[in-house]
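The values are calculated or read from the model by the stated rules, or taken from the named source; none is laboratory data. Quick caveat: nothing in here was measured; it's all calculated off a predicted structure. Heads up, the Cβs are rebuilt from the backbone with ideal geometry, glycines too, and the neighbour counts pull from every protein chain shown.
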């Protein structure tokens, strides 16, 4: 193992780091949109709206993200005739849809947790359904979602490493590439390095989401619960997998 | 790119099925590790000496917040370069997957332990029960009701992450599809599709059962 060699190759990790961040942010944005669309659809009272969303969510959650990634990258161009110019787009769509389906359950749960009286009150003051959603339901449901969404954001960051398998040069791919020189005798420190980088990124997401949660709860006049500074997915406790 | 072909679909199926059996074997081994190690870690974080608690918490936080794929590559490189190149990809892959998921299940167990009312602990102390009785007769039976469904959910999630192990050469479904493609220049598309459907067919009934179990346990207690 040669530490100097790793330090010398640090600049080559800048571009892949940006790719990892880009994949994570883009698929997180897509996942958020998908989650809200599906979450609102699955909490609709009309069967015709609820059923297709339900089927889609179960379909995505039922199979594997790795298989979906390969399917979007290699099988979809043949089966559906849709071809992306870059593998990274297929990766972002696969991750975004997968995590969107998981997060839609978070959205649905938070909406269901808004007290009934709030909905009755909004009916009493003659709000339209859209006003009710925008002014009453979402402002109260949103802070409840943040801890779970934070956990899924970290899961998404970790899953972004999978795009290296469909030939996108992210951190993982670059570590394999640089470390693989000279028959891979120097491979280990490179993997160790990116493990630490991923951990730091996860910590940044966690810290950012904590701040967001505090801010959102302050808007409602609720104190955010103090956590003992441990990076724990809230999904682990609720079993939201 | 090759066209979709129903004959290829039939031809590639046995290979993918072989891969599916490997996935089930990995799930069994890694699931056992996740369930047992997760529980040990949760208990260790509760009753161990302070330095054990700190080390366990630090190590498992690190494992929980870094990608499985990189961990698999890291450990596989370490074992094949420095420890023992004879170790099979199946064994190393299952072990890494099991330990990774133990980092999740330990949190589910921890939540179950923390949900036990303080009075139960105090009663155990008042009766001056020995530690193994406190855990065996009081804590574990109560926490299992809370944690079982969550842990089952993690094992299902783990089952769906087994394909990651193909990077180190575990012959699961993706690897089988690629192998077939390498030999016949065809069949990858059909292979990936079958893999997705097999996952769905296997995991959906289990997920529904786990959800039902969760509801029943939630109703029967607390």
Selection from the range B:43-60 of residues that are more than 16 Å from the chain's Cα centre (by Cα) and within 12 Å of chain A (Cβ to nearest Cβ): B:45, B:53, B:54, B:56, B:57, B:58, B:59
Checklist (1) modelled with pLDDT of 90 or more; (2) within 26 Å of the chain's Cα centre (by Cα); (3) more than 22 Å from residue A:63 (Cβ to Cβ) applied to residue A:140, failing item: (1)
Segments classed as helices (runs of 4 or more DSSP H), wholly inside the range A:113-183, with at least 3 members that are more than 30 Å from residue B:81 (Cβ to Cβ) and within 14 Å of another protein chain (Cβ to nearest Cβ): A:138-159
Search result, residues across the range B:33-54 that are within 28 Å of residue A:194 (Cβ to Cβ) and loosely packed, with under 14 Cβ neighbours inside 10 Å: B:54
Test set (1) in a helix (DSSP H, G or I); (2) within 16 Å of residue B:16 (Cα to Cα); (3) under 23 Å from the mean Cα position of the chain (by Cα) - residue B:150 fails condition number: (2)
The range A:83-97 - residue that is more than 12 Å from chain B (Cβ to nearest Cβ) and assigned to a loop (DSSP other than H, G, I, E, B) and, of those, surrounded by the fewest Cβ atoms within 10 Å (Cβ to Cβ): A:85
Which numbered condition residue B:192 misses (of (1) without any contact (Cβ under 8 Å) to a residue 40 or more places away in the chain; (2) surrounded by fewer than 24 Cβ atoms within 10 Å (Cβ to Cβ)): (2)
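How many residues does the range B:162-179 hold that are touching a residue at least 60 places away in the same chain (Cβ under 8 Å) and surrounded by fewer than 23 Cβ atoms within 10 Å (Cβ to Cβ)? Reasoning before the result, please.
Taking the range B:162-179 and keeping what is touching a residue at least 60 places away in the same chain (Cβ under 8 Å), we get B:162-165, B:167-177, B:179.
Filter once more, keeping what is surrounded by fewer than 23 Cβ atoms within 10 Å (Cβ to Cβ): B:167-169, B:171, B:175, B:179.
Final tally of qualifying residues: 6.
Quick grid of which residues meet (1) crowded, with 22+ Cβ neighbours inside 10 Å; (2) at pLDDT below 90:
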| site | (1), (2) |
| --- | --- |
| A:122 | no, no |
| A:125 | no, no |
| A:159 | yes, no |
| A:172 | yes, no |
| A:177 | no, yes |
| A:182 | no, yes |
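One residue is enough: does the range B:139-150 have a residue meeting the conditions touching a helix residue (DSSP H, G or I) at 6+ places or on another chain (Cβ under 8 Å), touching a residue at least 24 places away in the same chain (Cβ under 8 Å) and at the interface with chain A (Cβ under 8 Å from one of its Cβ atoms)?
Within the range B:139-150 (the criterion being touching a helix residue (DSSP H, G or I) at 6+ places or on another chain (Cβ under 8 Å), touching a residue at least 24 places away in the same chain (Cβ under 8 Å) and at the interface with chain A (Cβ under 8 Å from one of its Cβ atoms)), the answer is yes, since at least one residue qualifies.
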Set B:194, B:156: member being within 12 Å of chain A (Cβ to nearest Cβ), in a helix (DSSP H, G or I) and either under 23 Å from residue B:31 (Cα atoms) or in contact with a strand residue (DSSP E or B) (Cβ under 6 Å, 6 or more places away or on another chain) (or both): B:156
Qualifying residue in the range A:64-81 (condition: within 17 Å of the chain's Cα centre (by Cα), without any contact (Cβ under 8 Å) to a residue 40 or more places away in the chain and within 14 Å of another protein chain (Cβ to nearest Cβ)): yes
